1. Identify, please: which residue in segment B:5-15 is at the interface with chain A (Cβ under 9 Å from one of its Cβ atoms) and without any contact (Cβ under 8 Å) to a residue 12 or more places away in the chain and is, among those, surrounded by the fewest Cβ atoms within 10 Å (Cβ to Cβ)?
2. Since B:GLY105 meets every condition but one in (1) of a type in the set (Gly, Ala, Ser); (2) buried (at least 19 other Cβ atoms within 10 Å of the Cβ); (3) out of contact with any Phe, Trp or Tyr (no Cβ under 6 Å at 6 or more places or on another chain), which condition does it not meet?
3. Is there a residue in segment C:29-42 that is in contact with a helix residue (DSSP H, G or I) (Cβ under 8 Å, 6 or more places away or on another chain) and charged (D, E, K, R)?
4. Which one of these is touching a Pro at 6+ places or on another chain (Cβ under 7 Å), among the charged types (D, E, K, R), within 25 Å of D:THR47 (Cβ to Cβ) and surrounded by 21 or more Cβ atoms within 10 Å (Cβ to Cβ): C:ARG75, C:ARG99?
5. Taking segment C:167-184, which residues are assigned to a helix (DSSP H, G or I) and polar (S, T, N, Q)?
6. Checking A:VAL50 against (1) of a type in the set (A, V, I, L, M, F, W, C); (2) buried (at least 18 other Cβ atoms within 10 Å of the Cβ); (3) at pLDDT 90 or above, which single condition isn't satisfied?
7. Does B:LEU90 fit the bill of being without any contact (Cβ under 8 Å) to a residue 24 or more places away in the chain, buried (at least 18 other Cβ atoms within 10 Å of the Cβ) and more than 12 Å from chain A (Cβ to nearest Cβ)?
8. Quick check: anything in segment A:3-19 touching a helix residue (DSSP H, G or I) at 6+ places or on another chain (Cβ under 8 Å), more than 23 Å from B:PHE53 (Cβ to Cβ) and of a type in the set (Val, Ile, Thr)?
Protein chains: 4
Amino acid sequence: MDRGRLEAFSDGVFAVAITLLALNLAVAGPGHGHLLRLLGNSWPSLTAFVLSFFMIGIIWVNHHVLIRSIAVVDRTLLFLNLLLLLFVVLIPPATAIVRQYLSGGGENARVAMVLYSAVFLGLSIGFGAIFEWTLHGERRLQPLPPETHWPARLRFAGGGAVYVVAIVVALFSAIAAFILIALTAVYYIAQRTPDDSRGSGRSEETEVL
Amino acid sequence: MDRGRLEAFSDGVFAVAITLLALNLAVAGPGHGHLLRLLGNSWPSLTAFVLSFFMIGIIWVNHHVLIRSIAVVDRTLLFLNLLLLLFVVLIPPATAIVRQYLSGGGENARVAMVLYSAVFLGLSIGFGAIFEWTLHGERRLQPLPPETHWPARLRFAGGGAVYVVAIVVALFSAIAAFILIALTAVYYIAQRTPDDSRGSGRSEETEVL
Amino acid sequence: MDRGRLEAFSDGVFAVAITLLALNLAVAGPGHGHLLRLLGNSWPSLTAFVLSFFMIGIIWVNHHVLIRSIAVVDRTLLFLNLLLLLFVVLIPPATAIVRQYLSGGGENARVAMVLYSAVFLGLSIGFGAIFEWTLHGERRLQPLPPETHWPARLRFAGGGAVYVVAIVVALFSAIAAFILIALTAVYYIAQRTPDDSRGSGRSEETEVL
Amino acid sequence: MDRGRLEAFSDGVFAVAITLLALNLAVAGPGHGHLLRLLGNSWPSLTAFVLSFFMIGIIWVNHHVLIRSIAVVDRTLLFLNLLLLLFVVLIPPATAIVRQYLSGGGENARVAMVLYSAVFLGLSIGFGAIFEWTLHGERRLQPLPPETHWPARLRFAGGGAVYVVAIVVALFSAIAAFILIALTAVYYIAQRTPDDSRGSGRSEETEVL
């Protein structure tokens, strides 16, 4: 099997999910007072949109890098990829829930952020499963030496641990969990880029989300 | 004609359909009580979403395998493929109906599950029609010997028979029909994978849904 | 410029438009009586969906054939293609209007069908404009001899004339206009296929919608 | 990294965004009076749709040209491209706001047009950032001589300046700002095409939005 359709299908899902995020940004129609005030009140909505937009973007970049490292596409990979995409398509509804409940605060805001963090934990597990799959057999274009498997796994687990922490933090403060995930996004965007231009020796594919 | 645009268009439809499934998962906004309770009550919705998500995923994998076996793309194939996609795009609205009516039980739940099963029967017939088309002329990259045509057709009919059974079961119990289709999905995901890694001699393309 | 992105972008628009058609098929939720009766009442909706689905499918097939005949992609073509896609994305809202107003009959049903027919007339004009563009310069992979230009143009105009007739018919009978467009769709699907398998000498690209 | 997935993902976002524009064009259902009158009243909606449709089309064409000029794809480019796409997906909700508020006039119409103009200013900045990125290192297939960098930057800044003017104009007259952006769209469509067929010596990639 070739990687082409796996990438085309995944890119389609990423593209639809990232565009649907903006679908509910439009404010209420005329008859609800000053548009300027409506827009001013929609900043939590806009903030949640921007965070989810860049999270999907980061996931897309990481997916790109991970799939590029793969030599063979079999049915196991197709279904592991499907598991990953399940969490991708859950981002827009989870974002809608955060958008509606975060600014209200209280228990509902905390529940919304636990849910939101859990979706990214699911994504992290999906990436870890695909990465684990690539470690066995001759599935990578450039096999990783066995002694690097555990360090690579730990780096993956570290990525997932951020979302476990975010879930725990969300139980106490929704805003703190939101900021933690936002900082994670900033870290991914900022850290990757220099690595890339330095042409560092670290194998890129092991740094996915 | 080349397979490229047939696959690109189909992948686009699959990607949009699978992402739209999640569009209505978001719960009601603030003012409807505890979010935790709202989320708790949405488990039938979430279950229907997960089942339809993996069903579309399975159909995509099977479509991938079937189209890959084809040597020529003519207009008949384009329209047979269109017939198949007609049932793919019906999955999100059929899922929305199941989501709304399944947990209520009674006649409405049974009608919803008859409809849901009928969409998958339609998909099965669409796959059968494309497979039948591949058997004639020189349309396959690796022609199947004539003596394997009937066994292959029977395997296809067997796949479709599951959904006929699901329709009949749905007349008596909506939940039983739901479980039957869910077991079919699990069977497809589980059974395919070992086959694939064993590199079995059975020609893969004849095992589609 | 290469044809690849023109096709990829167009296929994306076709795929999203054809999938969005089904978005509003879901019936009202619980509390609106028997689901079986709701589904029974939705047959005009379903009929309009099926017609628009196959019309978009036919347009996609014709677009495929027309673009394949083109040797160069310049900005004029990109904008003519955009004009064509404008009418493609208008099909879902036009279908929604037909779906809502056709079964009610009266003036509103006639207005809805005039609008629906006009969208297809617009598509026909868009195809004609692209075809006209291909006739000049060295824009076709296989140039058409000049003496075939007028017959080809007339065949195109003939296609568009069906929708002019549909508009006029719609002024008197919405149902008659709907049936006329449905018969046109059946004609396109049925007629093309034998042509194709006969491998007729007629140049395929000149037969687009 | 290859350009393929960058283009595929971007094309997907463009295709979904341009098709979603038409999603809310459908008028209210039966029971709201004459359909003809409803359609007549929806012309501001239709005008805003057509303008945004062609703006996305122009942006897609320019994106096509800019990305085609690039030799290497690194993570910085992926995230700059993501920034550009952020503003692309904001076009449908911004259009929905214009559609709802423009015809009402007054302060709300002016606020709507400031917002709409600001989205295009954001796009212009996104294009400028990608262009700036291409000027450094060996990132272009055909490097621009250093003495052309500033003229090219000024041409980019000129494009963005139109939207700054549109924002200022919108503070006084929403309709005037709408017409200014519409004239910009007409200019882009009209001016590009002759350039292109003349095969002018000006490097095409530097003329993006």
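The values are calculated or read from the model by the stated rules, or taken from the named source; none is laboratory data. Please read these numbers as outputs of a predicted model, since none were measured by experiment. No Cβ is skipped: glycine too gets one built from the backbone with ideal geometry, and neighbour counts run over all protein chains shown.
1. By that ranking, first place goes to B:ALA8.
2. (2)
3. Among the residues of segment C:29-42, not one is in contact with a helix residue (DSSP H, G or I) (Cβ under 8 Å, 6 or more places away or on another chain) and charged (D, E, K, R), which makes the answer no.
4. Answer to the check: C:ARG99.
5. Passing the criteria: only C:THR184.
6. The single condition A:VAL50 does not satisfy is (2).
7. So B:LEU90 does not fit the description; no.
8. Within segment A:3-19, not a single residue is touching a helix residue (DSSP H, G or I) at 6+ places or on another chain (Cβ under 8 Å), more than 23 Å from B:PHE53 (Cβ to Cβ) and of a type in the set (Val, Ile, Thr).
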